[in-house]
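For reference, the structure discussed in these notes is given below.
The values are calculated or read from the model by the stated rules, or taken from the named source; none is laboratory data. No experiment lies behind these values; they were computed from the predicted model shown. Quick reminder, even Gly has a Cβ in these numbers, built from the backbone with ideal geometry, and neighbours come from all protein chains shown. Just the protein is used for accessible areas: all its heavy atoms, side chains included, with ligands, DNA and RNA removed. Shrake-Rupley method; radii C 1.70, N 1.55, O 1.52, S 1.80 Å.
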Amino acid sequence: MMLASSQEGNVRIEEGVSSSTEKTEKTSPEKTRKIEPFELEKAQREEQNEEDEDGTENLEAALLPPSEQHRRQQKQQKPRVYFQRWIQLGYLSGLAMLSDWICFSVAASKDQFEELYEIEDSTKLIDWFLFTNVVSCFLVTDCVARMGLQRCIRAAAILMAIGACLRMLSSYVGYNYPLVLAGTLMVGAAQPFFQCTPPLLSAIWFASDERATSTAVALNFNQIGIATAFLVGGPMAGSGDPKGLQWYFVLMAVLCVALAVGTCLQFQAKPPTAPSPSEMDKQQNHNHKEPPFYASAIQFFRTPGFVRALAAFVCSITVTNVVGALIEEVMHRGGIEETWHVALAGGVFEVAIVLGGIVLGGYVDRTKNYKSVTTACLGISIILLLPLGLTEHKLGKEPAVMVISLLLLGFFTGPIQPINAELAVDVTFPGDETAVESTQQIFGNLVSALLMPCAEWAAHQDYQLFKRIPLLACDIRGDVILLVAVTVVTMLYFSGFHAPLKRTKADMH
């Protein structure tokens, strides 16, 4: 009986399991569906094929030359910027500032310097500096192309530090003029490596919406050096005490050595990843050796739009150089006679150039309106130049008007240089950025040097206007007429700019 009941229970359990299985199969047939052998084989074959393809691709990539492997890796990367770019900009701007500070270091203490070094004209020291500068501009492009930006900037920083130390040493060995001249020539040879490379630094390190601003800071920061020469050099070296000049030269030497050490330790070659699509495209698709400087310059003059950007650059540097050189004469016309006040006005003018570059350069970075901004700045410059040489007899001298006009002139005229440096790089893309800026610096310095004697002569020519109308009677100086004429001609010529912005298009794509 017990065996029979046990067997009967087992039968019921099996029936229950069987019925439960049938219900499960009816409710979820997909879960219990058997995988056919041919389907399993097909899946295994597909998985094996994928592994084989991956292995083949990895093997092919491993067999490629290192340069091709690097190029493929770059294609997979996206543009990126690094904080190091601000350190790079800081060092290049500081070096540019110190180089022009040394160039004009004794401009505010001429009498003291000429007496101690027993020379007749201290301005010849500036002439030798500028001559060496122009010669070095012809060499900087090829040096950077061969040795790279990092090595060239480090070497130039060391050369400038040595030159500053020689100038300092000259004041301790009987005020030796040949020694101070040798040191000045060294600094003059080093300066183009700081003046001609800002567009290259901007292209390598900065995003497309930062380039005009960074170029403006680095390119115009030398103006701070000129201002420092007047604001610091006058009180420190022109006090009548020989020790003042010695300590002045020591200060410049210490700063140059410190900056050279920092440059050697922290200035880098380039970031791991390009900062913009155009620079990434240039590194990937235009990875060729740059031609010599003269070949690049010839090609630039054949490129549509380059000459018009060059004209605007030259006009800006000419106006700022002439006004800066004649600042004492200009201020006296407005009734500002004290030496310290003249130096202060000159410093404000130079600082305004840098501030204008940052503000207007930032606007151009965001909008790429190179032409409209340049044309507007040229037009405003014409208006602001007039008060510097125009005296209305009924009103007389107006110091406040003179200073405000000078400040605004620096703000609107100075930025034309970096904006058109970037414009020239844009239209010549993928050309050598250093060659572009070297060409602009050479022509800018040469035209300034040619017009400077003309402006100095014209500054003493006074032309009467509206003599028969007492209410409107006034006089205007010849140097202002010359600068206004140059600016008007430049604005008319630049208004014909219609070249394509090649680098901007590359960034958009």
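Annotation for Glu115 and Ala485: the two label points, set 7 Å from Cα along the Cα-Cβ direction, are 4.1 nm apart.
Over all projection directions, the Cα-based convex hull of the range 209-263 averages an area of 4.5 nm².
Annotation for the range 335-366: GluC sites (Glu not before Pro) lying in DSSP loop with at most 13 further Cβ atoms inside 10 Å of their Cβ are Glu337, Glu338. May I ask which of Lys110/Lys371; Lys124/Lys371; Lys270/Lys502; Lys124/Lys467 have a Cα-Cα span longer than 30 Å here? Over 30 Å Cα-Cα: Lys110/Lys371; Lys124/Lys371; Lys124/Lys467.
Estimated at 0.36 nm per residue, the fully extended path between Ser372 and Glu338 surpasses their Cα-Cα distance by 8.3 nm. The residue list Leu344, Cys474, Ala376 was ranked by how far each Cα lies along the charge dipole of the range 291-508 toward its positive end, using unit charges on Cβ atoms, and Ala376 comes out on top.
Can you list the residues of the range 156-180 with backbone N under 19 Å from a point 7 Å past the Cα of Asp127, pointing along Cα to Cβ? Flagged as within label range: 177-180. Looking at the range 412-509, the chymotrypsin sites (Phe, Trp or Tyr not before Pro) that sit in a DSSP loop and have at most 16 other Cβ atoms within 10 Å of their own Cβ are Phe466. Each residue of the range 439-449 was assigned a 3J(HN,Hα) from its phi angle through the Karplus curve 6.51 cos²θ - 1.76 cosθ + 1.60 (θ = phi - 60°); the sequence is 4, 5, 5, 4, 5, x, 5, 5, 5, 4, 5 Hz, with glycine and proline shown as x.
Counting pairwise Cα distances across the range 368-467, what percent come out greater than 24 angstrom? Pairs farther apart than 24 Å: 41 percent. Histogrammed with a bin width of 10 Å, the alpha carbon distances of the range 205-326 distribute as 9, 21, 32, 23, 12, 3, 0 percent, first bin at zero. Evaluated at q = 0.13 Å⁻¹, the base-10 log of the normalised Debye intensity for the range 291-508, with identical point scatterers placed on the Cα atoms, takes the values -0.75.
Calculate the dipole size of the range 89-247 relative to its Cα centre from +1 charges on Lys and Arg beta carbons and -1 charges on Asp and Glu beta carbons; express the result in debye to the nearest 20. Let's see the in-between values first.
Numbers: 8 positive and 12 negative charges, 123 e Å.
Taking the Cα centre of the range 89-247 as origin, the dipole is about 580 debye.
Going by a ≥ b ≥ c, the root eigenvalues of the Cα gyration tensor, does the range 81-280 fall in the rounded group (a/c under 1.5), the prolate group (a/b larger than b/c) or the oblate group? Cα axes put the range 81-280 in the prolate bin.
Could you tell me the calculated FRET efficiency between Glu456 and Ala269, based on Cβ-Cβ distance and R0 = 51 angstrom, to the nearest 0.05? Before the final figure, lay out each step's value.
Working: r = 44 Å, r/R0 = 0.86.
Taking R0 as 51 Å, the efficiency between Glu456 and Ala269 is 0.70.
For the range 348-432, the carbon plus sulfur part of the accessible surface works out to 75%, probe radius 1.4 Å.
Mind checking the range 286-363 for trypsin sites (Lys or Arg not before Pro) that DSSP puts in a loop (not H, G, I, E or B) and that have at most 11 other Cβ atoms within 10 Å? Could the numbers behind the result be given before it?
On the way: sites: Lys289, Arg302, Arg308, Arg333; in loops: Lys289, Arg302.
Here the sparse-neighbourhood loop sites are Lys289, Arg302.
Roughly how many Å is it from the Cα centre of the range 396-434 to that of the range 289-333, as a whole number? Their Cα centres are 11 Å away from one another. For the range 209-227 versus the range 244-268, the inter-centroid distance based on Cα atoms is 20 Å.
Work out how much length Leu492 to Ile404 would gain on full extension: take 0.36 nm times their residue separation and subtract the Cα-Cα distance, in nm to one decimal. Value of the extension gain: 29.0 nm.
Shown in residue order for the range 246-259 are the 3J(HN,Hα) couplings computed by the Karplus curve 6.51 cos²θ - 1.76 cosθ + 1.60 at θ = phi - 60°: 4, 5, 5, 5, 5, 4, 5, 5, 4, 5, 5, 5, 4, 5 Hz (x for Gly and Pro).
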